[in-house]
Every structure is written in structure tokens, then in C-alpha cells.
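See structure below.
The values are calculated or read from the model by the stated rules, or taken from the named source; none is laboratory data. For clarity, every value in this text was computed on a predicted model and none was experimentally measured. Methodologically, a virtual Cβ is constructed for each residue, glycine included, from the backbone with ideal geometry; neighbour enumeration extends over all protein chains shown. In case anyone asks, the SASA skips ligands and DNA or RNA and just uses the protein heavy atoms, side chains included. Shrake-Rupley method; radii C 1.70, N 1.55, O 1.52, S 1.80 Å.
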Amino acid sequence: MRDFDTICAIATQIGESGISIIRLSGAHSLGILFKIFRNKKFGTIEEFKPYTIKYGFIVDNENVIDEVLVSYMRSPKSYTAEDVVEINCHGGIIAADKIVKEVIKNGARLAEPGEFTKRAFLNGRIDLTQAEAIQDIIISKTDLSMDSAMKQSLGSINDEIKLIRAEILSFIAHIEAIVDFPEDDMEEIASEKLLCDISILADKIDALIKSFEFGKVIREGIKVSIIGKPNVGKSSLLNVLLNEERAIVTDIPGTTRDAIEELLNINGLLIKIIDTAGLRETKDVVEKIGVNVAKKKIDESDLVLFVLDASEGMTDEDIIILDYISLKKHILVMNKCDLLSKVYNDEKDIVYISAKEHIGINALKDKIYNLFLNKEIKYGGTDITNKRHADILIRGLAQLNCAKETLLNKYPIDLVSIDLRNSWSILGEISGDTLNENIIDEIFSKFCLGK
């Protein structure tokens, strides 16, 4: 374990709440606590048993700051693998802030964002994938993203990468054995087997890379734009999906002038849903700006819900819009189906709804969900959800493919080990084994203060 100074921070949301927690980590955590904590039965530092809670007061020169509960976790069995003290005080801004100032005055310093988790990583308690998963747990907005992050926080991704890197090392060791103990015709036979083994491993990495398309959706969700010409029911659809009157609905075309964005949860799939201005040619300056914003949101979206008036069918204006979104993933949403005498539900990309009568809404939600999460959820955590991991896997796979090319071109087998070592080193960046300090600092800088 590395030797660090003692850090502190408020670990809970700042604001009105039942309690606030101030966290300290470092060799002097307990010593600092003893300087500012008062309890008639507190005794000496040696008598404070770890993993227990004590009641008392935090004081400043014997002036009581707040009534608190304190706990102590001894190194290495703590979050950071250092001595950790947590002070539970009353919620709000003032009490916690005054306690932090008192802790700093007695020898600690304010922690940087993510520094507690960074210390857990540097002290070897967790690997980098687990650290990133902890941040994902904090920012999770759906059950699916939470479950996936929790599995990865237990080390599932690193376990997978460890197996891959171990296999690469076995390839390198095999090559070195052939080079050190050459035999007639053995190199050619070994090269054929090695090519086969590397190809199998490359396919395994490729499958992990492809899982990112699925994993990204679980972690980050999707952007969905509601588009269509004016007065087809776009805002009504937004309201019924959100189950609240979020957008103004009138019979006047062009009511929506700006994009309205809200979050929606469909069976654990996080959706940023965007209601846009009606797409049409207009001379109104404000409406024209809204149309341009709508087009920008379409370009940024993962899915477009193209709303049409079912009572009108496909008009010339609709055909122009359909042509504009032809290259985007989209669903045709036929609204006002309650005005039709017959509804045809066999069209693959068409969903008939009535936003007014709440007809077909669940079918639309199911279609959105199945477009992006149409396979069995892997709660084992083997899907790649982090773009950094996916990028590293792509680079590692490229080196394996170079090794395959070397073998296919019948170059000396010892040259293959160069590409294999590069791949092994690159893949080590996922767990942090071979990552440089600047990138590690950048990763943890994205964490919240106190974590």
C-alpha cells in the first residue's frame, strides 16, 4: 500500500437532508478525529474498536459544532484500503462545512474529485474497471444500467480480460520455446496451430467489441426525436409517453417552437425523448429557427419517431420528411387511429396509436425497446458498456490481426511475438495494469467529490 497524506470531503449530497457524511482517509484519520471529537466514554485511540459506531460531539476549542455519530474502518479493510473515518452529522450546508473546516485545520486536506476511489485503485483493492463501474453505479438512472454496473464492480470485465491476456502470454511463451529449441519442421507446424489459436482469440475479442453496441444502450440510453409536420400530435405523444402535461397542445399548427427534452424509462431502457417543432416550410422567423433545431436533433438521434395523421394518410409533405430521415433508424407512428374504421397492424415499421385515447402506446414502447434491447440481458456483466474499454479492445484486436498477417506471410515466427506483446500491453490498459498516470488522473477527475 502506498503512503498518502490524509484527505477529507463531504461524501453526501450537499443540501437539506437528514444527515451528511464527512469521510476521512489516510494514516492520520483517527488521530485527527480524536482532536475534535468529544465523548465521556471515548477513551484512547487504541480503545476505539474498528467497525463500530460511537456517539458524541464535534468541537472547535470545546465549542460544540454538531452532535454526531462516528465510525472507524481500519486499513486494509476499508473502501480505500487505508484507515477511514466517517462522521455522520446533521444534514444541510453549515454543519458539514464547519466540520470539514475543523478536520482540515487539524491536519487533513480537501480531497480531489474521485480521490477516495483512486486510492482504492492505487492501493490494489480494486482494478480500474471496478473503479469505473462504481462511478456508473452512482450515475445509473435505470435498473438495467444499475445491475450491469454492479456486476462489473465485482470484477467481471477484468476477469474476462485476464483470461485473454493469459492466453496471449501462453502464445508468447510457446514461440520463445520454439526459438530456443528449434527442431526440423516444427516451426511450420507450430505456426499453423498458432494461427488457428490467435484466430479463435481474435473472434472472442471481436465479440466483446460488438457487445458494446448493446452495452452502450444499457449504460447511456438512447436519444429519440419525435418529428412530423405541424398538428399531427407530436406534443400529445410526448405527454402520453411521460404521463404528464409537459408540452402545450393546441389545434393551432406550429405551437412547438423549440425542442423539449425529457427522460423516459421503458423497462429499464433510458430514453432522452425530444419533442421538436413541426417540419414545414415557413416564413415565421421563430418557427424557422425551431425547424432548424428539429433537423439538428434528428441528426443527433439514435431513433426517430415519425408521427403522421392516420386520418390523412401519407401526404406529399410527409414523403419529403420521410426522404429526409431515410438513413436514420425510424418508426412510422400513425396517430389518430381512433378516427379510422380499420387499422392495419401488419406493417413492419408502422405503429398505429391514438395519443388522445391512449391507444397503442404500449405497443409503441415495446417496439422502441425491442429495436435496441432485442437480445437476452447478460447480467453476468460480459457486455462492454464503456467506450474506453471498447476502444482499447479494438486496438488490441488490431495487433492480433497483425500477428495473423505475419504468420500468413510465412515470416519468422519470432516476429509474431512483437505483435502479441503489443496486444497484451494494450489490453492491460483496461484494468489499469499498463496505463499511464495522466490517463488515470483524467478518469478519476470525472468522479464526484467525496467518492
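What the Kirkwood sum gives for the chain is a hydrodynamic radius of 26.6 Å, with every pair of different alpha carbons counted.
Computed on region 47-169, with alpha-carbon pairs under 8 angstrom and 6+ residues apart, the relative contact order is 15 percent. Put simply, when 210-221, 167-178 are sorted by average Cβ atoms within 10 angstrom per residue, most first, you get 210-221, 167-178. Please give the net charge around Gly221, taking every other residue with its beta carbon less than 13 angstrom from that of Gly221, where Lys and Arg add +1 and Asp and Glu add -1. After counting each charged neighbour, the total is -1. At a 1.4 Å probe, what is the % contribution of carbon and sulfur to the accessible area of the chain? Whole-percent figure for carbon plus sulfur exposure: 52. Here each label is just a point 7 Å from Cα along the line to Cβ, and for Leu169 and Ser71 those points are 3.7 nm apart.
In summary, the lysines within cross-link reach of Lys49, defined as a Cα separation below 22 angstrom excluding same-chain residues under 8 places away, comprise Lys35, Lys40, Lys41, Lys77. Near Glu429: Cβ cut-off under 9 Å, other residues only, Lys/Arg at +1 and Asp/Glu at -1. The net charge is +1.
Gain on full extension, evaluated as 0.36 nm per residue between Ala363 and Asp433 minus their Cα-Cα distance, stands at 20.5 nm.
Net length available on complete extension from Ser17 to Asp206 is 63.3 nm, with 0.36 nm assigned per residue and the Cα-Cα distance removed. Span-like helix check, the chain: qualifying full DSSP H segments, with Cα axial length of 18 Å or more and mean Kyte-Doolittle of 0.5 or more, are 156-180. In the full protein context, region 1-125 carries 52 Å² of accessible surface per residue, based on a 1.4 Å probe and ignoring ligands, DNA and RNA.
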